Each structure stands twice: as C-alpha cells, then as structure tokens.
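Peer 1: Dumping the structure here so I can ask a few things about it.
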Amino acid sequence: MPPIGIFDSGIGGLSVLSHIHELMPTEDLLYVADSGHLPYGSKTSEYVVQRAVAITRFLVEQQGAKAIVIACNTATAAAVSLLRSEFPIPIIGMEPGVKPGIKESRSGVVAILATEGTLGSEKFQSLLEQHGNGAEVIVQPCNGWVEQVEHGEHDSPETRQMVADQIKPLLKRGADTLVLGCTHYPFLREAIGTYADKETQVIDTGLAVAQELRRRLRLNNLLGMAKTGGNTQFWTSGSPERTEILISRLWGDPNRVNPLPV
C-alpha cells in the first residue's frame, strides 16, 4: 500500500506524526521537515504556498504518497485549498481548535496561541467568525516559540521565560483554556504546565487530525491492511545531521534523514 506524506516547516509536525503512527501503526509514513525555510509564520502567504506545492509534488509524484497531511497551521491556512484543487488525493490540514476550546472553557475566556501567519490568515478569521461567538477569544502570537523548539531548547530556562511572558497575562485575564494553534507548541506543554494550573485546559488538535486522516483513508479504500509495522522515512531542506539529532530526541531513532531535493 502506498505511504502517507506529512510535512511541516520543521520538526513541529512530529507531534502530529506521533498521533498518526499510534492510530495507524502499520502505515508507511513519509515526513518532510522544511527546516531550510522556517519559520513559515513570518513568511508571505505566496512563499508558503510555493513551498507547500513543491513539497506535496515531491511526496506525491516522486514518493507515491496516497494522502497528504499538512502538519502546520500556517501552511494549511495558506495552501490547503490550492493543494486540494491540484492533487486528487485526500489532503488533511490543521486548524486551531477554536470550537473545542470554547466548548471546554468554563470561564468563557479562551486563548489561541499561534504564529502571526496563522492568526492573520483569512482562514483563521473565518474560523473565529464561525465559532467565536459566546466567548471572549484572546489571540496571542507567540514569537520565538517555533525557533526554540527547532533549536532543541523546548525545556531551557530561556524558553520557560518566553512561555511565562506569554502565558501569565492570559491567565490573569481569566483564560482557562489554551488552544495550541501550532504543531510545534505541544513540545512546550511541560513549560506551559509550569505556569498553568491543573484546571487549565490545553487543546491540541493533532489527534483529531489523525482521526480525520483515518476516516478519509477508509472512505477512499486507502487504509492499509498490513498486520505488521510500517516504516517511517524523513527528509529535510535544512541540515540532515542536525535534524536527525532533533528527531531522535522527540521521536526516537529516525534511522536516517535524507536531504530534500526541492
């Protein structure tokens, strides 16, 4: 059975890859970390679209992917519609969990943590208009968080201070639900938990994306039927050696990270 392609601006999408592997352990997976072009959140929409198309073409046309997961909120907002129109396979995107965040909140104050690229997108504004009524929704761009994860500093004192600077004011404003609107942010949950109490809900949509992927594969008769384990392959547009070290910390031994040819 053909593999599933997953891509992100860097290693943040490993948080989604983990959910996919846990839910469908016998599927072959292809993961692209576009680390040579990160962060997407500060790039123009046109630039992100260009990268998303190039990577998807590589995964589909050169690697034979049967489905694509855009494991990046910013890339989803910029490119998911175009990719769906150009590639006749299931294309699954990410979006901040505004609806579940509001549903879970008891105080009625919800904070959306994301990149500027996601928060400024038309797709996110539409999501807010559709689901944001009946609650106070605070949007919080978290500058620097992606870079800290990419540098392997997800639990350093500097990172914890950055998280504190963003989280504490939100909690003081009454936010009892924090929506992680970037796939890098689940790797900062421990740092976030240092400042958020046990009653604070933290919403991560990675599992929901994996479940939607499985549903779409089943619907299209693309779900793998193998009884034993699938393989995972990695590519990066950044340094393969550095990316391999980061992936081994966050995912486990990746065997080998290949240079991305696009």
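Peer 1: When the dipole is taken about the Cα centre of the chain, and only Lys, Arg (+1) and Asp, Glu (-1) are charged at their Cβ, what size is it in debye, to the nearest 20?
Peer 2: Numbers: 23 positive and 29 negative charges, 132 e Å.
Taking the Cα centre of the chain as origin, the dipole is about 640 debye.
Peer 1: Just add up the charged neighbours of residue 39: K/R +1, D/E -1, any other residue whose Cβ is under 14 Å from the Cβ of residue 39.
Peer 2: Values: positive: 43, 51; negative: 8, 34, 116, 147, 150.
Net local charge, residue 39 excluded: -3.
Peer 1: In addition: What ranking of 23, 219, 38 emerges when the number of other C-beta atoms within 10 Å of each C-beta is taken as an exposure proxy, fewest first?
Peer 2: Details: 23 14, 219 10, 38 23.
Listed from fewest to most nearby Cβ atoms, that is 219, 23, 38.
Peer 1: Let me ask something else. How big is the chain along each principal axis, measuring the range of its Cα positions in Å and listing the largest first?
Peer 2: Projected onto the principal axes, the Cα atoms of the chain cover 50, 39, 38 Å.
Peer 1: Would you mind calculating the relative contact order of the chain from Cα pairs under 8 angstrom and at least 6 residues apart, reporting the percent as a whole number? All intermediate terms of the calculation are to be shown ahead of the outcome.
Peer 2: Numbers: 496 pairs, mean separation 73.2, N = 262.
It rounds to 28 percent for the chain.
Peer 1: Still on this model: Along the charge dipole of the chain, which of 148, 26, 237 sits closest to the positive end, that is, farthest toward it, with unit charges on the beta carbon of Lys, Arg, Asp and Glu (+1, +1, -1, -1)?
Peer 2: 26
Peer 1: With the alpha-carbon atoms as the only input, what is the per residue convex hull volume for the stretch 98-203 in Å³?
Peer 2: With only Cα atoms used, the stretch 98-203 gives 84 Å³ per residue.
Peer 1: Here's a follow-up. Compute the semi-axes of the equivalent ellipsoid of the stretch 8-158, taking the square root of 5 times each eigenvalue of the Cα gyration tensor, and list them largest first in whole Å.
Peer 2: Working: eigenvalues 135, 70, 55 Å².
Taking √(5λ) for each eigenvalue gives 26, 19, 17 Å, largest first.
Rule-based calculations on the coordinates, nothing more; no lab input. Computed from a predicted model, the values in this text were never measured in an experiment. All Cβ positions, even for glycine, are placed from backbone atoms using ideal geometry, and neighbour counts span all protein chains on display.
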